[in-house]
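The structure under discussion appears below in the form of structure tokens.
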Amino acid sequence: GNLGNKDSLLNILSDIFVKSDSYLRTNERVYTASTVFAGTWIEGLYLTCTIGEGITTPEGKAKAYKCVWDQRFYLKNLIDLLEDYKDKKEAVALNNDFKTIHKEIEAIKDAKDIDDAKFKSISDKIVGLRNKITG
């Protein structure tokens, strides 16, 4: 009945994520939870970048650029989280890709400083990472 209601869908998805994360953490699957979180972040930003590249209005571009710029905080947390898994080659490779993306986003001092070329560069890295992971 709530299939068309975006708020209901977001609540359901949020609930699924929280319950999955809790299950994984309480069953000593923190690495799995970490990789699920990283994958979720990649997929979300992939969608933002893909949609953002098609936006033509200045207002729409500004929103997409700010969304990507705001991710520097979450990306830093992901990098710190994956630092605990230096013994897992997949985590090290993923973290290296994250660090490259983070460095580029972090170099931008304000979302208003992002132009089409900077957005495209960051977007290409995120899309490339997502495509590398999904094969």
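The values are calculated or read from the model by the stated rules, or taken from the named source; none is laboratory data. Everything quoted here is computed from the prediction, not taken from an experiment. Don't worry about glycine lacking a Cβ; one is built from the backbone with ideal geometry, like all the others, and counts go over all protein chains shown. Each accessible area value is taken on the protein alone, full model and side chains, heavy atoms only, with ligands, DNA and RNA left out. Shrake-Rupley method; radii C 1.70, N 1.55, O 1.52, S 1.80 Å.
Only one of Thr32, Thr26 is β-branched (Val, Ile, Thr) and out of contact with any helix residue (DSSP H, G or I) (no Cβ under 9 Å at 6 or more places or on another chain). Can you tell me which? Give the steps one after another, and end with the answer.
On the way: Thr32 fails: out of contact with any helix residue (DSSP H, G or I) (no Cβ under 9 Å at 6 or more places or on another chain).
That would be Thr26, the only listed residue that is β-branched (Val, Ile, Thr) and out of contact with any helix residue (DSSP H, G or I) (no Cβ under 9 Å at 6 or more places or on another chain).
Test Gly44 against the stated conditions and say whether it is more than 12 Å from the chain's Cα centre (by Cα) and in a helix (DSSP H, G or I). Spell out the reasoning first.
Numbers: more than 12 Å from the chain's Cα centre (by Cα): no; in a helix (DSSP H, G or I): yes.
Here the answer is no, as Gly44 does not meet what is asked.
When only residues in segment 77-109 that are at pLDDT 95 or above, under 13 Å from the mean Cα position of the chain (by Cα) and not hydrophobic (A, V, I, L, M, F, W, C) count, which is most open to solvent (accessible area, probe 1.4 Å)?
Ranking the qualifying residues of segment 77-109, first place goes to Lys99.
For Gly60, state whether it is open to solvent by less than 50 Å² (accessible area, probe 1.4 Å) and within 14 Å of Ile133 (Cβ to Cβ).
no
Any idea how many residues of segment 110-119 are part of a helix (DSSP H, G or I) and either under 13 Å from the mean Cα position of the chain (by Cα) or surrounded by 14 or more Cβ atoms within 10 Å (Cβ to Cβ) (or both)?
The total comes to 3.
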